[in-house]
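The values are calculated or read from the model by the stated rules, or taken from the named source; none is laboratory data. On a predicted model such as this, the values are computed, not experimentally measured, just so you know. In this analysis, Cβ positions are derived from the backbone assuming ideal geometry, glycine residues included, and neighbour counts consider all displayed protein chains.
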Amino acid sequence: MKPSYDIIVVGGGPAGTMTAKYAAENGADVCVLEKTRDIGYPVRCGEAVGHDGITQFVEMQKNWIAEKINSCTLVSPEGTKLDVPFANETGYILNRRIFDYDLSRLASKAGAQIFTKVKVQGLLFENDKIIGVKVNHLGEDKEIKGKIIVGADGVDSRVGRWAGLKTTVKIRDMESCMQYSVSNIDVKRNNMTMFVGKNYAPGGYLWIFPKGDNFANIGLGISGKYSKHKSAKKYLDEFMSREFPDASIHTSMCGGCPIAYPIKKPVADNIMIVGDAAHHINPVTGGGITPAMKSGMLAGIVGAEAIKYNDQSEKFLEKYVKAIDKDFTKRHHTLYKIKEAISQLSDEDINGIARNIDSIPTEKRTLRKVFMSSMLKKPSLIIDVMRIFTGL
Amino acid sequence: MINIIENKCDFCGTCVGVCPANCIDVDEASILINHKKCIDCDLCVYICPIEVLESINEA
């Protein structure tokens with residue numbers, strides 16, 4: 001580890017390693033500091049991604065894919081099952097352990113240095129200016145100087161807070177999540193199943209994402225509005241004992257998923273915030289891998305430019321904000337509104353919608369039609385939904 | 001005061017994300033609450049997916 005770098009990235013998930021890759025490719029001297037002993041582990045993720053999302057940045061590798069997904073089944077509170085084949089979309093359930101690891105190798109190949117077991121304990125200041133980070137690396141306290149510090153430190157981000165940025169998640173915008181990776185279950189291959197309704201997962205959904213024969217990620221997220229009364233684990237355990245009493249649990253994991261607006265101000269002098277830490281997550285699906293990679297890429301490019309032009313002021317780093325605004329911020333605002341509209345539907349509303357869609361022949365069903373039908377209670381949102389699916 | 005039920009925590013950091021007082025520190029295998037900074041809002045208790053935290057009356 002060197003005493004100083006141009007850019008210090010805190011966090012070795014997809015947001016951090018993409019920041020490092022693109023910053024290094026564009027000429028910056030970069031390091032990634034990961035607090036755990038392994039990049040990519042522990043996994044705290046359902047691991048579902050879209051083909052078009054990931055291939056914006058990297059070519060899909062066979063060993064990243066645990067399951068190819070070409071349809072989804074939505075289950076209503078009263079049990080109506082809606083099969084929706086994907087038209088143009090292809091999805092995957094990833095092996096995040098391998099995927100994250102390979103992304104960090106790509107960052108390293110581009111010239112970034114990766115370090116694990118580094119606990120960042122605070123920022124270094126000189127006359128109120130951020131000049132680096134205080135760390136503990138393998139038990140030893142150190143100071144590392146950096147011209148730009150990138151907070152890619154996830155849902156429990158503290159880098160932004162230390163710099164005075166508001167990354168705290170409102171409890172109503174936090175999903176409390178629990179997941180088991182299980183075997184000895186009979187689930188449909190190449191298909192993801194999502195259960196909605198207050199009994200399964202109030203203010204969220206329950207998912208079954210297959211990962212090979214007789215194996216799947218089964219998990220759920222419930223809104224922080226409801227987790228006070230009953231925890232995510234209790235909801236999942238009830239579902240498992242009811243539906244899959246003979247399943248073996250190979251991994252159990254929990255975590256938080258911010259389904260909020262992207263934070264208003266993800267930059268300050270010498271600071272940028274990316275990925276989950278900046279709430280760059282699709283608020284409807286809770287999917288955060290693609291937006292994390294996107295904000296990482298854009299922050300990496302702008303960061304390298306800020307080094308090249310020797311200007312790491314907030315004003316210069318605003319270029320990163322403009323880039324994400326142009327790319328996904330507006331879309332996420334719309335998705336947030338859709339999430340809010342869906343969360344106001346009662347179980348009876350959803351049952352009605354499901355019965356309605358059930359009357360459309362399977363081959364004529366599209367994700368778009370399903371979403372459109374769910375918006376009937378608030379017609380103004382149909383226009384927003386149209387925009388999303390037509391890419392405007 | 002917030003009590004951490006020992007050996008139950010998975011160190012996921014969800015509580016850190018919602019803590020308005022920024023008083024929780026989660027490491028790879030440890031969790032610490034700075035009780036001097038804690039404002040007893042109990043949001044961490046409500047959000048924890050696996051019920052690691054509990055609110056206890058000091059009286």
On the given criteria, is residue B:33 touching a strand residue (DSSP E or B) at 6+ places or on another chain (Cβ under 6 Å) and more than 16 Å from residue A:256 (Cβ to Cβ)? yes
Collect the residues in segment B:19-45 that are surrounded by 14 or more Cβ atoms within 10 Å (Cβ to Cβ) and under 10 Å from the mean Cα position of the chain (by Cα), keeping them in residue-number order. B:19, B:23, B:24, B:25, B:26, B:31, B:33, B:38, B:42, B:43, B:44, B:45
Does residue B:58 count as more than 12 Å from chain A (Cβ to nearest Cβ), out of contact with any Gly (no Cβ under 6 Å at 6 or more places or on another chain) and over 19 Å from residue A:122 (Cα atoms)? yes
Within segment A:237-255, identify whether any single residue is within 12 Å of chain B (Cβ to nearest Cβ) and farther than 22 Å from residue A:97 by Cα, and answer yes or no. yes
Please enumerate the residues belonging to segment A:105-139 that are touching a residue at least 24 places away in the same chain (Cβ under 8 Å), surrounded by 15 or more Cβ atoms within 10 Å (Cβ to Cβ) and within 12 Å of chain B (Cβ to nearest Cβ). A:116, A:117, A:118, A:119, A:120
Could you go through segment A:245-260 and let me know if any residue there is without any contact (Cβ under 8 Å) to a residue 60 or more places away in the chain and either surrounded by fewer than 24 Cβ atoms within 10 Å (Cβ to Cβ) or in a strand (DSSP E or B) (or both). yes
Out of (1) under 14 Å from the mean Cα position of the chain (by Cα); (2) polar (S, T, N, Q); (3) not in a helix (DSSP H, G or I), what's the single condition that is false for residue A:295? (3)
For residue A:167, only one of the following conditions fails: (1) without any contact (Cβ under 8 Å) to a residue 40 or more places away in the chain; (2) within 14 Å of chain B (Cβ to nearest Cβ). What is its number? (1)
Looking only at segment A:145-161, decide whether some residue is touching a Leu at 6+ places or on another chain (Cβ under 8 Å), farther than 28 Å from residue B:50 by Cβ and crowded, with 18+ Cβ neighbours inside 10 Å. yes
Which numbered condition in (1) part of a loop (DSSP other than H, G, I, E, B); (2) modelled with pLDDT of 95 or more is the only one that residue A:360 fails? (2)
Just checking, does segment A:41-59 include any residue being buried (at least 21 other Cβ atoms within 10 Å of the Cβ), modelled with pLDDT of 95 or more and among the polar types (S, T, N, Q)? no
So residue A:287 fits all but one of (1) surrounded by fewer than 18 Cβ atoms within 10 Å (Cβ to Cβ); (2) part of a loop (DSSP other than H, G, I, E, B); (3) modelled with pLDDT of 85 or more; what number is the exception? (1)
Among the residues of segment A:64-77, is any over 19 Å from residue A:144 (Cα atoms) and in contact with a His (Cβ under 6 Å, 6 or more places away or on another chain)? no
Does residue A:208 count as more than 14 Å from chain B (Cβ to nearest Cβ), at pLDDT 95 or above and not in a loop (DSSP other than H, G, I, E, B)? yes
Condition first: in a strand (DSSP E or B) and more than 9 Å from chain B (Cβ to nearest Cβ). Now tell me which residues in segment A:176-188 satisfy that. A:179, A:180, A:181, A:182, A:183
